[in-house]
Amino acid sequence: MSLDFHHVTLGQRVLFGAGRAASNLAAEVERLGAERVMVISGGRGGSSAREVTELIHVAVWHSEVVMHVPVEVAKRARASATDNNIDLIVSIGGGSSIGTAKAVSLTTGIPSIAVPTTYAGSEATNVWGLTEDDLKTTGVDDKVLPITVIYDSQLTLSLPVEMSVASGLNGLAHCVDSLWGPKADPINAAMAVEGIRALAEGLPQIVRDPQGIPGRDLALYGAYLAAVSFASAGSGMHHKICHILGGTFNLPHAQTHATVLPYVLAFNLNEVPGAQSRMAAAFGTDNALEGLQALRKLLDAPKALKDYGFTAAGIPTVVEQALATIPASNPREVTADNLTALLTAALNGADPTTFLAGVAE
Ligand code: NAD
């Protein structure tokens, strides 16, 4: 088989080590010569921000963080950065804190360092997202890629098991969608498959021992690989659907990804040469979908979109928006009928192996 592809690797430093966030951050701030640091950190993920920043001088603390970054929230964060002559942003928290920092970098060009406390993976992508009038817009710009990521699994010990599971499956969704994203290539596939392996090994350890560092380390490592492969492969069918569910229906990001994933996997799996065997091997099973479902059962993962407030009335809107945004390169043709069947199954938590029965191809 001949290989023919274009691959872009995004430039970023990764500093990884349990208990090392404060010292790694201080060294990085010094290396960059930053003098006016703004810390963006909201929600419970930000509760460790004081500890992480104890060795640096912080000029501004910004704690207004809202999931999917409403434009008014972005505007206030940008004003705070420019009014205070900030030269470096440090985001500490989940994807919402990192997303707020990205919104500032996007318009001001101020660089950022990310200290993630979930497995969402925003820290390793050049993708930004903003929400206005119930519509989430995403875009790609290298300005928003944090120059450095500092991983410290001790900061994730406080992430409740349920949220760890949902967030870890959000990471796993990045890996899976990377296998058929619009710019999928053998390099990002290699990282995606290793990301699946690490997450499939790490997440059950977190459920068994939420305070154990090895499982948390594996999940962060897997989340990073997931995000790098996703950033390179581009947003595929799964992400396009979930962005609509999050942006228009305000469903919780990680739980939505965790719920929709088996349905999109079932939809595309057999249309991508090699995907079945490689993903199955990463799950340690003979069949990728069975591997994912066994993992989800073990983790007691989110099951149905109706549990998060979504109703059948929303399906036509999602279908309309998704048909306009799912890449034409998706390995299986997406139609209003098969997408409605997929969303109805995800709404109800139905068996992902049967929802396409009877739907015209
Ligand atoms: P989040 O940042 O909103 O965090 C989820 C919840 O977990 C919050 O209540 C938060 O306070 C809490 N939390 C975070 N870390 C914690 C910790 N260590 N201990 C206790 N509680 C903690 O959600 P998320 O799932 O991390 O990120 C979702 C957002 O990130 C969405 O807006 C999504 O679109 C975006 N995202 C963007 C990209 C990208 O590439 N641009 C990738 C992934 C996610």
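Only the coordinates and a few stated rules stand behind these numbers; no lab work does. Remember, predicted model here, so these are calculated numbers, not experimental data. All Cβ positions, glycine included, derive from the backbone under ideal geometry; neighbour counts span all protein chains shown.
Among Glu320, Glu162, sorting on how many other beta-carbon atoms sit within 10 Å of each Cβ, with the fewest leading, yields Glu320, Glu162.
With +1 on each Lys and Arg Cβ and -1 on each Asp and Glu Cβ, and nothing else charged, work out how big the dipole of the chain is about its Cα centre, in Debye to the nearest 20.
For this selection, approximately 360 debye.
Fully extending the segment from Ala190 to Asp87, taken as 0.36 nm per residue of separation minus the present Cα-Cα distance, adds 33.5 nm. The calculated FRET efficiency for Asp4 paired with Leu135, based on their beta-carbon distance and R0 = 25 Å, is about 0.10. Let me test this: with uniform point scatterers at the alpha carbons of the chain, what is the Debye-based log₁₀ I(q)/I(0) at q = 0.08, 0.10, 0.15 1/Å? Relative scattering, expressed as log10 I(q)/I(0), comes to -0.36, -0.57, -1.28. Applying a threshold of 32 Å to the alpha-carbon distances of Lys136/Lys183; Lys102/Lys297; Lys143/Lys303; Lys75/Lys297; Lys143/Lys297; Lys136/Lys303 flags Lys102/Lys297; Lys143/Lys303; Lys75/Lys297; Lys143/Lys297 as lying beyond it.
Under the shape rule built on the C-alpha gyration tensor, where the axes satisfy a ≥ b ≥ c, the stretch 76-121 is prolate, since a/c reaches at least 1.5 and a/b is greater than b/c.
Listed by Cβ neighbour count within 10 Å, with the fewest neighbours leading, Lys102, Lys306, Lys297 appear as Lys297, Lys306, Lys102. This ranking places Val318, Val359 by how few other beta-carbon atoms lie within 10 Å of each, fewest first, which gives Val359, Val318. Applying both filters, DSSP loop and at most 14 other Cβ atoms within 10 Å, to the chymotrypsin sites (Phe, Trp or Tyr not before Pro) of the stretch 1-68 gives Phe5. What residues of the stretch 94-123 lie in the reach of a label at Ser23, counting those whose backbone N is under 15 Å from a point 7 Å from the Cα along Cα→Cβ? No residue passes the distance filter. Need one word for the stretch 222-361: rounded, prolate or oblate. Basis is the Cα gyration tensor (sqrt eigenvalues a ≥ b ≥ c); a/c below 1.5 gives rounded, then a/b vs b/c decides. Judged from the Cα gyration tensor, the stretch 222-361 comes out rounded (a/c under 1.5). Between the listed residues Ser97, Val359, Phe5, the Cα displaced farthest toward the positive end of the dipole of the chain, a dipole computed from Cβ unit charges relative to the Cα centre, is found at Ser97. Here the label points at Leu323 and Val359, each 7 Å from Cα along the C-beta direction, are separated by 1.3 nm in the simple model. Which of the three applies to the stretch 57-99, rounded, prolate or oblate, going by the alpha-carbon gyration tensor with a ≥ b ≥ c and a/c under 1.5 meaning rounded? In terms of gyration-tensor shape, oblate. In the chain, taking the dipole from charged Cβ atoms about the Cα centre, the farthest positive-side position among Cys242, Ala301, Val14 is held by Val14. For the stretch 143-201, the dipole from Cβ point charges (+1 on Lys and Arg, -1 on Asp and Glu) about the Cα centre works out to 200 debye, to the nearest 20. Counted over the chain, the DSSP beta bridges are approximately 25% antiparallel.
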